[in-house]
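Comments concern the structure below.
Derivation of every value follows stated rules applied to the coordinates shown; laboratory data play no part. Just so we're clear, the structure is a prediction, and the values are computed from it rather than from any experiment. Don't worry about glycine lacking a Cβ; one is built from the backbone with ideal geometry, like all the others, and counts go over all protein chains shown.
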Amino acid sequence: MTIPAYKNPALTVSERIEDLLGRMTLKEKAGQLNQWFNLGPEHYDMVRKGEIGSDLLAGSPTAGNSPQERIFARRYNEVQKIAVTESRLGIPLIFGRDVIHGYRTVAPIPLGMAAAWSPELVQAANTIAAREARADGVHWAFSPMLDIARDPRWGRVAEGFGEDPFLAGKLAAAAVRGFQGNDQDAIPERFPVDRVVACAKHFVGYGAAEGGRDYNTTEITRQTLHNVYLATFKAAIQSGCGTVMSAFHDIGGIPLSAHRYLLTEVLKEQWGFGGFVVSDWGAVWELTNHGIAADAGHAAELGCGAGVDMDMCSMVYLNNLPDLVQSGKFSEERLDDAVRRVLRIKFALGLFESPYVDADASHAVHLLPESLAVMRRLAADSMVLLKNNGVLPLRADHLTICLGGPLADRRKELFGCWTIDGRDEEVTTLKEAITGRLGAETRLHHYELVDDAVKLARASDVMILAIGESEGRSGEDNCTTTIDLPAGQEALVESARRMAIPIVAVVFGGRPLNLTRVMDWADAVLFAWHPGITGGLGVTDILFGDVNPSGRLPITFPRSTGQIPLYYNHRSTGRPLPRNSRRHSRYIDALDSPLFPFGFGLSYTTFTYGNLCATADPQIPEIVVTAQVTNTGDRAGTTVAQCYVRDVVASVARPVRELKGFERVFLEAGQSKTILFRLGPQEVSYLDDNGHEVLEPGRFQVWVGGDSNADLGADFEITPDGRWGVIDKGE
Ligand code: BGC
């Protein structure tokens with residue numbers, strides 16, 4: 001018996017797609033574009049009829065808020081078997097799940113991962129997540145979340161890589177490679193069998209929600225869209241990301257799930273994206289709520305017409321596209337294009353050849369010691385030391401520690417906002433981690449009632465306060481009107497202050513928090529984000545000095561909620577800061593500077609930057625910047641050398657500085673190293689309103705240093721005839 005061409009793995013993917021497409025009815029085509037969730041026996045008939053193309057493995061639209069919804073590999077095999085053996089064409093389903101920061105081995109939240117400034121560790125963490133998820137039957141991770149966020153009230157700031165498109169772009173590429181395992185910069189013909197296809201979301205500008213309120217409307221200019229919000233997505237697409245999710249919100253009145261310019265003209269045509277776009281949950285149907293679609297049919301027409309290929313959980317494609325095509329109201333060509341894109345990913349995942357998962361194999365892949373070690377390192381490297389009067393690192397011996405605060409002995413609170421596959425009992429709490437780390441002569445007093453604290457603190461050498469937010473206070477639909485600490489926590493630190501022993505505040509959080517008062521009262525402050533399964537251990541690695549802190553902020557920390565939005569790569573204005581005079585862009589009741597700038601973080605040693613030198617070869621469009629970084633303290637440590645650029649005069653006002661290079665540099669005590677950054681056309685150009693690169697002659701400034709306030713700099717220029725030269729080469 002001859003097999004149909006589309007089932008023949010010896011043929012190319014496009015040959016197989018064309019053969020299959022030619023056999024499909026309109027309903028079957030729409031079925032491939034229809035994703036439903038939590039498929040059970042009540043849906044099997046639809047699967048048999050080829051009316052469902054994908055199963056979203058979640059019990060509800062807010063899976064991130066309902067932790068530990070279990071995965072059921074056997075059930076997925078059951079429904080897959082119906083699709084493969086009982087539907088007319090036997091097209092397998094693709095199973096998608098929110099694998100946002102680790103899977104069973106829970107990683108730090110993405111904002112925390114970003115603080116490690118390590119594409120290598122992000123790739124390693126996502127490789128682990130992909131392997132664990134695939135072993136459970138997941139084919140597709142709705143991740144990485146690439147929304148640039150400048151407003152920490154927005155709960156989803158936790159899920160992204162922060163405020164900077166350059167850093168987030170590098171991490172986006174690493175995240176995609178970790179999930180997909182592809183080493184080329186394109187969607188592979190075949191994904192490795194132990195990886196998943198990634199999904200860059202939420203395309204695009206979702207982080208600009210007005211008031212930091214989730215799902216809210218945005219106003220973003222083309223200039224900012226192309227240079228800030230789209231940049232991370234472009235980095236993901238250029239790394240071969242297989243899918244993209246269109247967002248819920250609108251920009252200037254056009255909802256993203258009906259945004260033809262962005263989905264089709266930019267993403268698919270300009271960038272050549274060959275994978276498929278899935279809507280966010282119900283977002284195509286929500287076009288009726290936005291008030292641009294009259295009914296579900298109209299929504300389907302707008303969504304698919306604009307470029308959304310798969311409809312997540314609203315059935316409006318299945319129920320409307322076949323009739324719309326039949327009646328000539330919707331183009332079959334566009335329908336076919338969407339189906340081709342979905343089939344391409346299914347073929348690339350090998351689902352036609354291997355549709356099932358070994359339901360008993362996951363234990364061989366989950367929670368491996370080497371995976372836990374990677375997550376522990378990532379957790380420790382993500383933590384940012386914000387203050388240290390010398391109390392840290394703690395000695396492990398001859399010390400009595402008083403440990404308190406609401407998060408001192410908590411488990412799931414350390415996970416972070418999108419943990420559906422981690423298990424509470426597998427988290428090491430801070431108390432357990434400290435207990436495990438104590439030397440023979442060290443004692444730990446843990447108090448839960450503040451009244452006990454007084455007594456215990458008097459008998460202790462140091463107090464550790466675990467404060468901040470629990471995991472449920474950030475993430476989707478968890479926005480706040482203030483970035484102040486949860487009620488009562490400032491008072492806790494203040495009262496501890498009166499006990500006259502050194503205080504170490506360990507702050508957990510899914511967003512920048514207002515730590516202005518805590519900075520006054522605590523002797524040391526460590527920002528630990530939501531550090532995941534090994535988070536407690538990561539904190540003790542830092543507190544006891546086994547790991548020298550090297551985390552750097554991927555987002556500005558304001559002094560108060562009222563300063564928001566506050567980000568380092570803002571434009572200059574006509575009345576720029578800093579200026580201590582009136583009539584400059586400032587407040588009268590507060591300082592204008594942030595509490596901590598982007599890129600900031602302390603270490604147990606100190607670093608200096610010097611000998612900056614910029615050079616140019618007139619034949620090459622490039623400036624080479626070198627600088628010497630020295631560890632001036634008495635212990636080994638890692639700093640993150642950062643390179644910032646400003647385009648001083650351009651046709652549009654450009655940011656006061658933009659990150660264009662970074663490198664984690666490890667140095668022994670007293671050691672120096674020369675670091676080098678290359679600035680070429682890509683680093684000094686910007687995008688115009690159509691997304692085209694503009695490289696203008698004129699003067700540029702460059703700085704190298706340890707955070708976004710770096711002041712070691714040089715000037716260079718591009719002459720009108722296109723030659724690159726140094727004006728002031730630096731020191
Ligand atoms: C979220 C997405 C998520 C999807 C599927 C939506 O509510 O916005 O980030 O991937 O649900 O669970």
- Enumerate the calculated ³J(HN,Hα) couplings along the stretch 438-445 in order (Karplus 6.51 cos²θ - 1.76 cosθ + 1.60, θ = phi - 60°), each rounded to whole Hz, writing x wherever the residue is Gly or Pro. 6, x, 4, 8, 9, 10, 10, 10
- Query: Taking the simple approach of a point 7 Å from Cα along Cα-to-Cβ for both Asp452 and Glu696, what is their distance in nm?
  - Reply: 6.4
- Message: Give me the one-decimal Kirkwood hydrodynamic radius in Å for the chain, with the sum taken over alpha-carbon pairs.
- Response: 26.8
- Task: Mind pulling the per residue volume of the convex hull built on the Cα atoms of the stretch 138-255? Å³ is fine.
- Result: 97
- Query: Which loop-located GluC sites (Glu not before Pro) does the stretch 328-436 contain, where loop means any DSSP state but H, G, I, E or B and the Cβ has at most 13 other Cβ atoms within 10 Å?
  - Reply: Glu353
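Roughly how many debye, to the nearest 20, is the charge dipole of the stretch 607-728 about its Cα centre, given +1 on each Lys and Arg Cβ, -1 on each Asp and Glu Cβ, and no other charges?
380
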- Message: Quick query: amide H of Phe330 versus all other amide H atoms, modeled in the peptide plane; which residues come in under 5 Å with a sequence gap of 5 or more or a different chain?
- Response: Val325
- Query: So which trypsin sites (Lys or Arg not before Pro) in the stretch 173-256 pass both tests, a DSSP loop state and at most 13 other Cβ atoms within 10 Å of the Cβ?
  - Reply: Arg190
- Task: For the chain, calculate the relative contact order in percent as a whole number, restricting contacts to Cα pairs under 8 Å that are 6 or more residues apart.
- Result: 14
- Query: Dividing the alpha-carbon radius of gyration of the stretch 381-563 by 2.2 N^0.38 Å (N being the number of residues), what value is obtained?
  - Reply: 0.97
- trypsin sites (Lys or Arg not before Pro) within the stretch 366-407, DSSP loop, no more than 15 other Cβ atoms inside 10 Å: Arg395
- Query: How would you rank 507-513, 442-448, 716-722, highest first, on the average number of other Cβ atoms within 10 Å across their residues?
  - Reply: 507-513, 442-448, 716-722
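Ordered by packing density, taken as the mean number of other Cβ atoms within 10 Å over each peptide's residues, highest first, how do 599-611, 93-105 rank? Present the calculation step by step, with values, prior to reporting the outcome.
Working: 599-611: 19.0, 93-105: 27.4.
With the highest mean Cβ count within 10 Å placed first, the list reads 93-105, 599-611.
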- For the stretch 25-362, just the Cα set please: Rg and Dmax, both in angstrom. 18.4, 55
- Note on the structure: Taking every DSSP bridge whose two residues both lie in the chain, the antiparallel percent to the nearest 5 is 60
- Please list, or write none, the lysines whose alpha carbon is within less than 26 Å of the alpha carbon of Lys49, excluding same-chain residues fewer than 8 places away. Lys7, Lys27, Lys29, Lys81, Lys329, Lys346
- Note on the structure: When the charge dipole of the chain is computed with +1 at the Cβ of Lys and Arg and -1 at the Cβ of Asp and Glu, the Cα pointing farthest to the positive end, of Thr606, Trp36, Gly291, is that of Thr606
- Rg over Rh [alpha-carbon atoms, Kirkwood Rh] for the stretch 607-728: 1.02
- Message: Roughly how far apart, in whole Å, are the Cα centres of the stretch 64-105 and the stretch 198-232?
- Response: 29
- Helix 332-348 sits off the longest principal axis of the Cα atoms of the chain, rounded to the nearest 10 on a 0 to 90 degree scale, by 60
- Note on the structure: Nearest 10, in degrees from 0 to 90: the angle of helix 119-135 to the longest Cα principal axis of the chain is 40
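Please list 47-58, 306-317 highest first by mean number of surrounding beta-carbon atoms within 10 Å per residue.
Result, highest mean first: 306-317, 47-58.
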- Message: Could you tell me how far the Cα centroid of the stretch 278-349 sits from the Cα centroid of the stretch 364-421, in Å?
- Response: 45
- The residues Phe527, Phe677, Phe37, sorted from fewest to most surrounding Cβ atoms within 10 Å, come out as Phe37, Phe677, Phe527
- Note on the structure: Ranking Gln184, Gly307, Phe662 by how far each Cα lies towards the positive end of the charge dipole of the chain (+1 on Lys and Arg Cβ, -1 on Asp and Glu Cβ), the top one is Phe662
- For the chain, with only Lys/Arg (+1) and Asp/Glu (-1) charged at the beta-carbon, what is the dipole magnitude about the Cα centre, in debye rounded to 20? 620
